[in-house]
Amino acid sequence: MLGDYRITGRRASDIAASVETGIGSGALAPGALLPPMRELAAVLGVNPNTVAAAYRTLRERGVIETDGRRGSRVRSRPASAPRDALRMDVPPGVRNVASGNPDVSLLPSLQGPLAAAARRYARTPTLYGADPVAPELATLARAGFDADGVPAGPVGVTSGALDGIERVLAAHLRPGDAVAVEDPGWGSVLDLAPALGLRVLPVAVDDDGPRPEAVARALADGARALVVTARAQNPTGAAVSAHRAAELRELLALHPEVLVLDDDHGHGIVDLPLQSLGGVTRHWALVRSTAKAYGPDLRLAVLTGDTITMDRVRGRQRLGPGWVSRLLQYAVVELWTTGAVDAAAVARSYGERRDGLVAALERRGVPAYGRSGMNVWVPVAEETGAVARLLGAGWAVAPGARFRVESGPGVRITVSGLGLEEVAGLADAVADAVADAVRPAVGGRFD
């Protein structure tokens, strides 16, 4: 059952740690069947309730899964083995279109904003007891939300989009609850949910966002929350259209207790209007990151939501990190007030490369998708071969397994480092790599 690996421990915490150690070392492979609780209890000389508590802890951490009489197994992708582990080393001389990073030439310099923040801090140092959100940042963020039609609500600040998403989910959900997540979707969210002990209910996506019938199915299956990428969806480039938003709002109105979370990480790099789903249900939030437009190392996102959600998020934050550095907040204020980024120009730059690649692939008979942002999704019949052939041709792309639950295979291509003069060559390489193995999206869906 476990090969040569022996689970040890007398306390539930020690038994759980022993299982995690086995997984981390590779001795317990994904899918490995764990001993029945009574059997392991007899071997360890402990009460079966102790093993049950250990297994429960492992389930809540997203390490194992239990399927009734079939027993408990190591998850196919345990929380201790995140999807980022699927990244490949890019050999010298190979063009990297797999990273998901923004074009550094489009990012503003942080030297001036950080210097201005430091001068401001020198005049008025931030001390314990200050408001966790700089008033100027709150005003600017709220004005931006208002301009995009986001419902009224308090403003919070977190250390990036994923931090905000985690805090919002943790404010309402408990281990064992189900959360509906886009499939294909952001690998970090697909890792985060099981790490919080949540069950992932995959939701099919097309160019206009989550498919209504897939959302309806997830809600019928007991989803307590729905996470939606408003625009520049990773990895498909989908953006929620006005028509799709209306369909989803109508559907969500029938489920007022469901938490709705909009991820607007594409703010500042997309020229499509925001279609927020906030305010339809009782509890909601929208998280807006600064990473893609201003730099990944500027670890800051602003968020808003209903009063109860924001009170819980900010209250729990005070008991942890307390607040996001006012130095970073002042730097973002400086960036926003000086217009350091021309969002329209950035969106146009990404759009020319993204649309150019999609069109070039279509001319070569390869279906590809990318309505917004910096990524293009290419469905394929078999990922490993396609990735390997492209690597041999001098192009490193991201395997779709990093972004999928049930949806079909594909590869993600990030255009941010791509020159317009390289589009044709990349399209030729992709067409050759997937020749006789093209898998068009079914019914417009990426599944």
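The values are calculated or read from the model by the stated rules, or taken from the named source; none is laboratory data. This is a predicted model, so every value here is computed, not measured. Cβ atoms come from the backbone with ideal geometry, glycine included; neighbour counts cover every protein chain shown.
Things to note:
- Exactly one residue among 115, 98, 81 is on the phi < 0 side of the Ramachandran plot, of a type in the set (Gly, Ala, Ser) and at pLDDT below 90, and that residue is 81.
- Filtering the stretch 34-55 to residues that are under 17 Å from residue 69 (Cβ atoms) and either exposed (fewer than 13 other Cβ atoms within 10 Å of the Cβ) or of a type in the set (Asp, Glu) (or both) leaves 38, 39.
- Condition met for residue 163 (surrounded by fewer than 20 Cβ atoms within 10 Å (Cβ to Cβ), touching a residue at least 40 places away in the same chain (Cβ under 8 Å) and within 30 Å of residue 64 (Cβ to Cβ)): no
- Taking the criterion of being surrounded by fewer than 24 Cβ atoms within 10 Å (Cβ to Cβ) and touching a Pro at 6+ places or on another chain (Cβ under 7 Å), the only residue of the stretch 199-245 that qualifies is 200.
- Subset of the stretch 194-214 that is assigned to a helix (DSSP H, G or I) and either at pLDDT 95 or above or of a type in the set (Lys, Arg) (or both) - its residue that is nearest to the chain's Cα centre (by Cα): 214
- Under the condition of being free of Cβ contacts under 8 Å to residues at least 40 places away in the same chain and either surrounded by fewer than 18 Cβ atoms within 10 Å (Cβ to Cβ) or hydrophobic (A, V, I, L, M, F, W, C) (or both), the residues counted in the stretch 19-33 number 4.
- Inter-residue pairs, beta-carbon under 6 Å, first more than 11 Å from residue 372 (Cα to Cα) and in the stretch 342-355, second part of a helix (DSSP H, G or I), 6+ apart: 346/106
- Selection from the stretch 177-207 of residues that are small (Gly, Ala, Ser) and either free of Cβ contacts under 8 Å to residues at least 60 places away in the same chain or in contact with a His (Cβ under 6 Å, 6 or more places away or on another chain) (or both): 178, 180
- Residues of the stretch 134-160 that are surrounded by 19 or more Cβ atoms within 10 Å (Cβ to Cβ) and of a type in the set (D, E, K, R): none at all.
- Flag for residue 316 being among the charged types (D, E, K, R) and either closer than 25 Å to residue 209 by Cβ or not assigned by TED's automatic domain parsing to the domain that holds residue 259 (or both): no
- Taken over the stretch 56-75, the residue count meeting the criterion of being under 32 Å from the mean Cα position of the chain (by Cα), among the charged types (D, E, K, R) and exposed (fewer than 13 other Cβ atoms within 10 Å of the Cβ) is 2.
- Subset tally (residues that are of a type outside the set (A, V, I, L, M, F, W, C), closer than 18 Å to residue 298 by Cβ and part of a helix (DSSP H, G or I)) for the stretch 139-177: 3
- Restricting the stretch 104-117 to residues that are in a helix (DSSP H, G or I) and of a type outside the set (Gly, Ala, Ser) leaves a set whose member that is surrounded by the most Cβ atoms within 10 Å (Cβ to Cβ) is 113.
Yes/no per residue for (1) outside any loop (DSSP other than H, G, I, E, B); (2) surrounded by fewer than 17 Cβ atoms within 10 Å (Cβ to Cβ); (3) assigned by TED's automatic domain parsing to the domain that holds residue 420:
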{"residue": "90", "(1), (2), (3)": "no, yes, yes"}
{"residue": "99", "(1), (2), (3)": "no, yes, yes"}
{"residue": "102", "(1), (2), (3)": "no, no, yes"}
{"residue": "119", "(1), (2), (3)": "yes, yes, no"}
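- Condition check for residue 304: in a strand (DSSP E or B), in the same structural domain as residue 152 (by TED's automatic domain parsing) and either modelled with pLDDT under 95 or under 23 Å from residue 146 (Cα atoms) (or both): yes
- Just so you know, in the stretch 175-193 the residues that are modelled with pLDDT of 95 or more and either in contact with a Ser or Thr (Cβ under 8 Å, 6 or more places away or on another chain) or of a type in the set (Asp, Glu) (or both) include one that is farthest from residue 383 (Cα to Cα), and it is 182.
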